[in-house]
């Protein structure tokens, strides 16, 4: 984990500046980060101009009810999977009618890991534009707090990438 | 602001232990804390047993759409008000069908303050039991990060109070 204590705030500020410059809006569906991504986004004064809100869909019920993850997806692939992250990003973007929807689902640890899906496995999804979606798989090797922080950074960078794609 | 860096985690652990002991569940609707309350609740390993999820209802649209705050309430009292905090707590509890619903709405600053509603004004609501609701008004005098942290602590303590009332 990085040693710069201001790294998250600086990155959130960078994301915020780009959103302000472009007039784009963002929202988030979070599982293992538990709201930390949206909290960091809104650590920036004035972020209400572009941060519409978020959902902490910790339970499977919340994933289905709030951000329209299909039950079949959860049954076939599990809550921590590429397809679930994809549907969370699409679903939260539709829910908030935002330009960009970001999602995080993973296993922060220390419990909950399996040989197939170990602690630190996290999927970060992003939906934007005309049905564009990107999901990246990460395998962090930190503790619970570190895995959450790494995932937030990945989510913020996913927003930056979506902004750059949208303004081409 | 307190100088104990582990205060939040220790308080979240205390809340988590009480929720585990009592089998109760919790959810949160957050505005000015931006997800930080739920993130702190879920910093505790195993918190998925009792933390069903949350909503970051940063915009008025999100407050109405997701946690059923009435437009008339927002018009008459504003987003940062006792009635809005009350409806957010009731609304999020219903949304997640949780035993306890906690809400936070306020002005974290540095912008957004008025003489009537200054920076640091925060309402923390809690809904539980048979239509029980409590809302407390706070006037923090810290910076944005400090006002968010104070509000999270107040929200966690509101959950503790609701637990104790529920198990009488």
Next on the checklist: Pull out all pairs, ordered by first then second residue, where Cβ-Cβ is under 8 Å, the residues are six or more apart or on different chains, the first lies in segment A:154-168 and is modelled with pLDDT under 95, and the second is part of a helix (DSSP H, G or I).
Outcome noted: A:167/A:22
Next on the checklist: Name the residue that is surrounded by the fewest Cβ atoms within 10 Å (Cβ to Cβ), counting only residues in segment A:44-88 that are within 15 Å of residue A:125 (Cβ to Cβ) and out of contact with any helix residue (DSSP H, G or I) (no Cβ under 9 Å at 6 or more places or on another chain).
Outcome noted: A:82
Checklist outcome for this item: Within segment A:45-64, the residues that are within 7 Å of chain B (Cβ to nearest Cβ) and on the phi < 0 side of the Ramachandran plot are A:45, A:48, A:51, A:52, A:54, A:55, A:56, A:57, A:58, A:59, A:62
Item to check | Filtered residue count, segment B:19-43, keeping only those that are in contact with a strand residue (DSSP E or B) (Cβ under 9 Å, 6 or more places away or on another chain) and surrounded by fewer than 23 Cβ atoms within 10 Å (Cβ to Cβ) | outcome: 2
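Within segment A:150-166, is even one residue farther than 20 Å from residue A:15 by Cβ and surrounded by fewer than 19 Cβ atoms within 10 Å (Cβ to Cβ)?
no
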Item to check | Residue ranges of helices (runs of 4 or more DSSP H) in segment A:1-104 with at least 1 members within 16 Å of the chain's Cα centre (by Cα) and without any contact (Cβ under 8 Å) to a residue 24 or more places away in the chain | outcome: A:36-41, A:60-67, A:82-96
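Kindly establish whether residue B:139 is within 14 Å of another protein chain (Cβ to nearest Cβ) and over 12 Å from the mean Cα position of the chain (by Cα).
no
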Item to check | Looking only at segment A:105-127, and only at residues there that are more than 14 Å from chain B (Cβ to nearest Cβ) and not in a strand (DSSP E or B), the one that is surrounded by the fewest Cβ atoms within 10 Å (Cβ to Cβ) | outcome: A:115
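Looking only at segment A:128-152, which residues are touching a helix residue (DSSP H, G or I) at 6+ places or on another chain (Cβ under 9 Å), in a helix (DSSP H, G or I) and more than 21 Å from residue A:83 (Cα to Cα)?
A:145, A:149
The values are calculated or read from the model by the stated rules, or taken from the named source; none is laboratory data. Computed from a predicted structure; not experimentally measured. Reconstructed Cβ throughout: ideal geometry from the backbone, glycine too, with neighbour counts over all protein chains shown.
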